[in-house]
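**Q** Sharing a structure below in structure tokens format, with a few things to ask.
The values are calculated or read from the model by the stated rules, or taken from the named source; none is laboratory data. This one's a predicted model, so the numbers in the text were calculated from it and none came from an experiment. A quick note on method: Cβ atoms are made from the backbone with ideal geometry, for glycine too, and the neighbour counts reach across all protein chains shown.
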Amino acid sequence: MNRSPTQVTRFLVQAVWRRRWLLIIPILIMLPAGFAASQLMPFKYVTRSLLLLQESGETGPLTRETNVQFVTKEERLAALRALLLSDRVLGGVLDDLSMTDPASRAVGIRDLRETTWLEGAGTNFIEIYHSGSNPTGLGKQLETVITRFLEALVPEQNEPDAIQILLEKRMRDLAAARALKVDLERRQAELSIGSPSAAQARLAELDHLRQAKAEELRQADKAVELARPAALADATVEQLEQEIDRLASTQGSEGEQQEQSLRAEEVVPLRDALARRTAALSEHERIAAEMEAEQRKISEYEGLKAQIADRERDIAAAQDKLEATQKRLESVRLGDAVGILRAPELIRIVDPPRDPEFPTRSPIVYLFAALAAGILLGLGLAAITEFLDTTLRDPDEFSEAAGAPVITRIGAKKHELFLLDRPESA
């Protein structure tokens, strides 16, 4: 059904009037809610400071060309932002605020990174912002941040650069190699073997003694075999010694004593041979143990000698690296240093930081937002209700629904109520 603009306007006015309460009630609800939100929501305050980075020359510090490459303004600003949000700057701020607990410092650095930022203004100006929910002391915090930031820009107060850190590492490596060599030499001296040639001579002498004792032990074994009685032909050396001890300790009748005496006379040469064998075996074992200990000392001495040679090579390599790093450091000091700024001491603070007086958003913003939300909600509810309402009100709607033209319109009949008299009973 096509309607003229007049009909559309009349329909909208009538629909608004019919759904007036659906339009008004959301507004009446959202306005107090917006006012409550404006009072309960935390306010955000922002303080700022404007800095002038002035240098002599045709170009400003943020767009100058260095002797290495052309640094654009965006690259220089990125470097300044990275320095502003570095642990050195923000950690110094927390030190000034007496925040020393490690857990609190980690949270504090994170909060400072979220609430502090830097923006460029033109070629020679930068703006540093700091936000917070409490305006009191906010300017002091930004002043502390700027102070630490400017200290980081001054070359004399900078942390050691990469070449200096590398130089210190080279020196530590050289000292560690020298200390390890000294420890190895001390352990080598504690072995007390003298020179390697003297140790080898001592080992050869011990080997000669061991061979002599081994020959003596073989002769003692032969003597034991020759002195062995026929009755003990199959007995071992231990069994022979046990039999000798038994004869020496056994006491009996006269006949038994005579028999034992005869047997004792037989084993006396055996006993002497066993004694010589035991002495030779003990001396042989002692010399063998001494040789083994001497060999261990020589092996350990040679191992320490090889390690000392390795440490000497490490010391020489560390010394070469240290000298090369020192030469590089001298060349850097003699050349033009490429820093963030050529003259950071020429920074001027145009607008010093101070506590903000007003929040970034006024409470009226919440009221306007609540009013707009109420109007949109009311319009949405009214449109949905009107769309779902199937009541026919306009003659054109009746004509379209009935398929016949509307001839006339009869007003609604008012129903009147009559109070009838109560009938009398007959």
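**Q** Which one is farthest from PHE358 (Cα to Cα), of the residues in segment 104-131 that are in a strand (DSSP E or B) and either without any contact (Cβ under 8 Å) to a residue 60 or more places away in the chain or not assigned by TED's automatic domain parsing to the domain that holds LEU142 (or both)?
**A** The residue in question is GLY120.
**Q** Within segment 60-80, can one find any residue that is at pLDDT 75 or above and either under 30 Å from PRO395 (Cβ atoms) or of a type in the set (Ser, Thr, Tyr) (or both)?
**A** Among the residues of segment 60-80, not one is at pLDDT 75 or above and either under 30 Å from PRO395 (Cβ atoms) or of a type in the set (Ser, Thr, Tyr) (or both), which makes the answer no.
**Q** Could you please let me know if ARG286 is of a type in the set (Lys, Arg), farther than 30 Å from ALA176 by Cα and in the same structural domain as ALA214 (by TED's automatic domain parsing)?
**A** In short, yes.
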